[in-house]
Amino acid sequence: MSTPKPDAGQPIALTADPKLDAALSRGWEEWEQAAKGAGIGTVAVWLALRLGDLSRKRELLQPVRSLLEAEDDEDRVLARAELAELVEEEDDALADTLWEGVLAHGLATEDGDTIAEATTHLASIAEAHGDPLAAAEYHLEFLNWRRQDANVSDPDEVETAMEEVVRLARLDGAQRFAALFEFRLAAFVRLVEGEDDRATEGDWEGNSEPYQSWN
């Protein structure tokens, strides 16, 4: 999926480390590697400047430390999500990059809850930047992942993703697509109510064709 990203050059007028700015534009792995090289204090200052308030350095030190000093992947992804939530709406470029890292971990570990959480945040950022289609595509990617053999998630997460697709399609004027997904949602809810195993694992559709967006 090719989704426009928030401008990594916003919202900052000056920077503590141009290397961190450049790494951010290249993705979460390169940014985290650059952040480790820069050190906790420099990253906290860099982020405080991006948020427009250098005095926030103190409150940022611990979440930055948690991310950069995490000893295993589980601790690291939790710290990544914590920092993403902290800066979201103030620095969507960084939040978007960090949530992509959370999503990558969820996909690598086949953790439906982590994938759903990252998807929700990434879609919210895309919608906030005026792109309901891109937001919906995140939810569709989650649904397509969930429909693969042996992939498991809470049925509520599937229902929420489908409801969001319907809402975003209507927001973007794609009324026929919204009606199609309302039909699909109703069919899925019937599976949940009937305690069908497909409501929690694998593909619930009658064919394996992936969901496509209205674009």
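Coordinate-derived values only; no laboratory data. These numbers come from a predicted model, not from an experiment. With ideal geometry, Cβ positions are generated from the backbone for all residues, glycine too; neighbour counts draw on all protein chains shown.
Worth pointing out:
- Residue of ARG170, ARG58, ARG198 that the Gaussian network model of the chain assigns the largest fluctuation, springs spanning Cα pairs under 10 Å: ARG58
- Per residue, the convex hull spanned by the Cα atoms of the chain measures out at 119 cubic angstrom.
- Rounded to the nearest whole Hz, the Karplus-based 3J(HN,Hα) values (6.51 cos²θ - 1.76 cosθ + 1.60, θ = phi - 60°) of the range 68-79 follow the sequence 6, 10, 4, 8, 9, 5, 5, 5, 5, 5, 5, 5, with x at glycine and proline.
- Net dipole in debye of the chain [+1 Lys, Arg Cβ; -1 Asp, Glu Cβ; about Cα centre; nearest 20]: 900
- The range 49-95 - charge dipole about Cα centre, Lys and Arg +1 at Cβ, Asp and Glu -1, debye rounded to 20: 360
- Span from the the range 88-127 Cα centroid across to the the range 154-214 one, whole angstrom: 21
- GNM result for the chain, Cα springs below 10 Å: residue of GLY39, GLY130, GLY194 fluctuating most strongly: GLY194
- Dipole magnitude of the range 58-129, debye to nearest 20 (Cβ charges: Lys/Arg +1, Asp/Glu -1, about Cα centre): 180
- Computed Kirkwood radius, in angstrom, where 1/r is averaged over Cα pairs of the range 16-109: 13.0
- Most mobile of SER153, SER55, SER124 in a GNM of the chain (Cα contacts under 10 Å): SER55
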